[in-house]
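Data block below; observations after.
The values are calculated or read from the model by the stated rules, or taken from the named source; none is laboratory data. What you see is a predicted model; the values in this text were computed from it and never measured. Cβ coordinates were reconstructed from backbone atoms using ideal geometry, including for glycine residues, and neighbour counts include every protein chain displayed. Just so you know, the surface numbers come from the protein's heavy atoms only, side chains and all, with ligands and any DNA or RNA stripped out. Shrake-Rupley method; radii C 1.70, N 1.55, O 1.52, S 1.80 Å.
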Amino acid sequence: MLLKDRVALVTGGSRGIGKAIAATFAREGATVAICGRKQETLDAVAGEFNAREIGGRVLPIACHVGRADDLQRLTGTLHARFGRIDILVNNAATNVAQGPALSIDDAQFDKMIEVNLKSAFRLIRLVAPGMCDRGYGSIINIASISGLRPQFEGLMYSATKAALIMMTQSYALELGPKGVRVNAIAPGLIRTVLSEYYWKDESRREKQIDSQPIKHLGEPQEVAEVALLLASDRASYLTGQTLVVDGGATLRSI
C-alpha cells in the first residue's frame, strides 16, 4: 500500500498506459481520478477496477484535456471533494500530425501543442500551488523516447515530447524546494492503441524487437510500475529526471 490515502489524477486513464497506471495506483491504496473524453468509457473502466476491490478506488470524470474550462472543472471537483491532489500524471496525448514535416499545417500544429503540451502546463498550474502549500506532491509527465531522438515523420510528436521533458526539468528546479517532485517517463514502443502502427504489423514489430536488448514488446504495466516508484516516497530523492523505459532501444549509437 505504497500510496495509501493519496489522491491521484491520471489523464488519459481509460486505456493503455494511463489505465495501467490508474489500476496500479489503486492497487497501492490511492484514490485515483481518471479522465478522458467519453464518460461511458471511463465508467466502464472504473466499474472494472472497483469490482476487483483492489485497494483504493477509481473515480471517472469526463474531461477534454485540450479545453481550459474542462481542466478547471476537473481539478475543482477533486479539490472540493478531497481537498487536495497529491499525485498528478500527465499521460493524455495525441498524434494527429504523423507524416512528412513539410506537410504539417497550422491546425495540426496547434492541436498537438494543445493536447500534448498545454494540457500538462495548465494542469500543473492548477494543481502544483496546493502541493507547494502542503509541502508534498509528485508530478509525473509521460514523455517518449521520441522526445530524445526524432521520430521519422513525427515532427510534432517529437517536438511536444521534447518540450515536455524540458518542462519537467524546469518545474523540478523551481518546485523542489517546496516539497514537490517532478519527473518524466520516456516509454519506447509499448503495446497501446496510440502506437499500434508500429506493432500491429509483424515485420515492423519484429524489426523493432530485434534492435533492442530486451526481446519483447513493452507492455503498459511495465511503465505503470515505474510510475508507481516516482509517485511513492521510495523516490523521495529523485526529481527532474526522465526515466527511459524502452527495453534498451535507445542504447545504440548507430
Residue of 34, 17, 104 that the Gaussian network model of the chain assigns the largest fluctuation, springs spanning Cα pairs under 10 Å:
104
Have a look at the range 143-254 and give its Rg and Dmax from the Cα atoms, expressed in angstrom.
15.0, 49
Label points 7 Å out from Cα along the Cβ direction at residue 254 and residue 169: separation in nm?
2.7 nm
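How high is the relative contact order of the range 159-254, given as a whole-number percent (alpha carbon pairs under 8 Å, six or more residues apart)? Kindly include the intermediate steps, with their values, before the conclusion.
Working: 107 pairs, mean separation 38.7, N = 96.
So the answer I get is 40 percent.
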Going by a ≥ b ≥ c, the root eigenvalues of the Cα gyration tensor, does the range 111-162 fall in the rounded group (a/c under 1.5), the prolate group (a/b larger than b/c) or the oblate group?
oblate
Sorted by chain and then number, the residues having a modelled amide H within less than 5 Å of the amide H of residue 9, at least 5 places away or on another chain, are 33, 87, 88, 89
Within the accessible area of the range 134-245 (1.4 Å probe), percent carbon and sulfur:
58 percent
Would you mind working out the magnitude of the charge dipole of the range 55-167 relative to its Cα centre, with +1 at each Lys and Arg C-beta and -1 at each Asp and Glu C-beta, to the nearest 20 Debye?
460 debye
Test of understanding: extend the Cα→C-beta vector of residue 178 to 7 Å, then name every residue of the range 47-86 with backbone N under 15 Å from that spot.
85-86
Please list, by residue number, everything in the range 141-167 whose backbone N is under 18 Å from a paramagnetic label point 7 Å out along Cα→Cβ of residue 82.
141-142
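Just the number please: accessible area per residue for the range 57-162, 1.4 Å probe, all protein chains included, in Å².
That works out to 44 Å² per residue.
Can you give me the relative contact order of the range 81-196 as a percent, contacts being Cα pairs under 8 Å and 6 or more apart?
On the way: 174 pairs, mean separation 36.2, N = 116.
Relative CO of the range 81-196 lands at 31 percent.
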So what's the chain giving for Rg/Rh, alpha carbon basis, Kirkwood Rh from the mean inverse pair distance?
0.95
Treating only the Cβ atoms of Lys and Arg (+1) and Asp and Glu (-1) as charged, compute the dipole magnitude of the chain about its Cα centre; round to the nearest 20 debye.
420 debye
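For the chain, what relative contact order do you get, as a whole percent, if you take Cα pairs closer than 8 Å and at least 6 residues apart?
Details: 503 pairs, mean separation 47.5, N = 254.
Reported relative contact order: 19 percent.
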If one puts a single equal scatterer on every Cα of the range 1-105 and applies the Debye formula without solvent, what log₁₀ I(q)/I(0) results at q = 0.13, 0.18, 0.23 Å⁻¹?
-0.46, -0.79, -1.21
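Say R0 is 35 Å: what FRET efficiency, to the nearest 0.05, do residue 5 and residue 96 get from their beta-carbon distance? List each step's numbers first, then the result.
On the way: r = 38 Å, r/R0 = 1.10.
Calculated value: 0.35.
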Tilt of helix 16-27 relative to the longest C-alpha principal axis of the chain, in degrees (0 to 90, nearest 10)?
30 degrees
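Under a 1.4 angstrom probe, counting protein chains only, how are 158, 203, 211 ranked by accessible area, largest first? Let's see the in-between values first.
Details: 158 15, 203 80, 211 40 Å².
Order by accessible area, largest first: 203, 211, 158.
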So what are the ³J(HN,Hα) numbers for the range 112-122, from phi and the Karplus equation (6.51, -1.76, 1.60; θ = phi - 60°), rounded to whole Hz, Gly and Pro as x?
5, 5, 4, 7, 7, 10, 5, 4, 5, 4, 5
Rounded to a whole %, the carbon-and-sulfur portion of the accessible area of the range 1-59 at a 1.4 Å probe is 45 percent
Aspartates and glutamates near residue 161 by alpha-carbon distance under 16 Å, same-chain residues fewer than 8 away left out - which ones?
110, 114, 153, 246
Need the C-alpha centroid separation for the range 53-123 versus the range 185-254, integer Å.
21 Å
